[in-house]
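For reference, the structure is listed below as structure tokens.
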Amino acid sequence: GEIYNHKELKAMLSDQTPFRTASDCEVIIHGYDEWGVDVASKLDGDFAFVILDDQTGEVYAARDPVGVNSMYMGQGPDGSL
């Protein structure tokens, strides 16, 4: 995928923790830390991603509104996702 407005979103973040990469997708993680599940509504682009929140154990999955990128989910024999 590609996040077209990643530079604008990076500038909106109040936490100015340095990014580790120049990837347009890294803004998703920093955005999730700041905006929670509202991060997907701020993204302009084509994307599909899953975040496992280590603190809550919750899984957050999002895909662009047009559905450009596919998202699949499967279950292992032990019940894992």
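The values are calculated or read from the model by the stated rules, or taken from the named source; none is laboratory data. Keep in mind the model is a prediction, meaning the values are calculated, not measured. Using ideal geometry, Cβ is built from the backbone for each residue, glycine included, and neighbour counts are taken over all protein chains shown. Each accessible area value is taken on the protein alone, full model and side chains, heavy atoms only, with ligands, DNA and RNA left out. Shrake-Rupley method; radii C 1.70, N 1.55, O 1.52, S 1.80 Å.
For segment 34-57, a residue qualifies if it is touching a helix residue (DSSP H, G or I) at 6+ places or on another chain (Cβ under 9 Å) and among the charged types (D, E, K, R), and the qualifying residues are 34, 38, 42, 44, 53.
For residue 72, state whether it is at pLDDT 95 or above and open to solvent by 50 Å² or more (accessible area, probe 1.4 Å). The answer is no for residue 72. Taking segment 1-58 as the range and being part of a strand (DSSP E or B), open to solvent by less than 90 Å² (accessible area, probe 1.4 Å) and among the hydrophobic types (A, V, I, L, M, F, W, C) as the test, the residues that pass are 3, 48, 49, 51.
The single condition among (1) more than 11 Å from the chain's Cα centre (by Cα); (2) β-branched (Val, Ile, Thr); (3) under 20 Å from residue 4 (Cα atoms) that residue 28 does not meet is (1). Among the conditions (1) outside any loop (DSSP other than H, G, I, E, B); (2) touching a helix residue (DSSP H, G or I) at 6+ places or on another chain (Cβ under 8 Å); (3) open to solvent by 30 Å² or more (accessible area, probe 1.4 Å), the only one that residue 61 does not satisfy is (2).
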